[in-house]
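Worksheet: the structure to be examined is printed underneath.
The values are calculated or read from the model by the stated rules, or taken from the named source; none is laboratory data. Source: prediction; values computed, not measured. Please note: Cβ atoms are built from the backbone with ideal geometry, for glycine as well, and neighbour counts cover all protein chains shown.
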Amino acid sequence: MVDAGRSMQGGPVPISRLPERGRVLCHGFIESVTYVPATEVAAFTATVVDHDRPARATPAPAAQRGRLRVVWLGRRRVPGIDPGTEVRLDGMLAVRDGLPTMFNPRYEILSRQENP
């Protein structure tokens with residue numbers, strides 16, 4: 001039996017093939033990060049996609065597919081988590097506001113985009 005949160009080979013699942021919920025191991029690239037003001041509760045949010053290049057503009061429903069919101073609660077920043085960074089994430093997946101979301105996952109930085 002294959003775990004829904006793992007590929008057939010037992011490795012990470014692409015962001016576009018994530019199940020609706022449950023424990024998953026996935027792989028992708030940080031598309032964007034969101035910083036909250038000091039006056040708000042500390043939470044650092046990143047959007048993860050399958051590819052390291054921005055997708056073409058698409059209508060909103062299609063744009064939600066292939067995206068994962070990752071939230072680190074109690075953090076204002078996670079060192080190394082920047083746009084373009086390739087990551088592997090392991091955690092519990094839920095749907096929040098129509099978007100797959102993972103809170104406080106274990107993560108591994110696989111590579112970083114070099115700044116010219």
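Brief remarks on what is shown
- Check on residue 14, modelled with pLDDT under 95 and touching a Ser or Thr at 6+ places or on another chain (Cβ under 9 Å): yes
- Residue 96 falls short on exactly one of the conditions (1) over 19 Å from residue 112 (Cα atoms); (2) of a type in the set (D, E, K, R); (3) modelled with pLDDT of 95 or more, and that condition is (3).
- With respect to the conditions (1) modelled with pLDDT under 95; (2) of a type in the set (D, E, K, R); (3) surrounded by fewer than 16 Cβ atoms within 10 Å (Cβ to Cβ), residue 23 lacks only one, and its number is (1).
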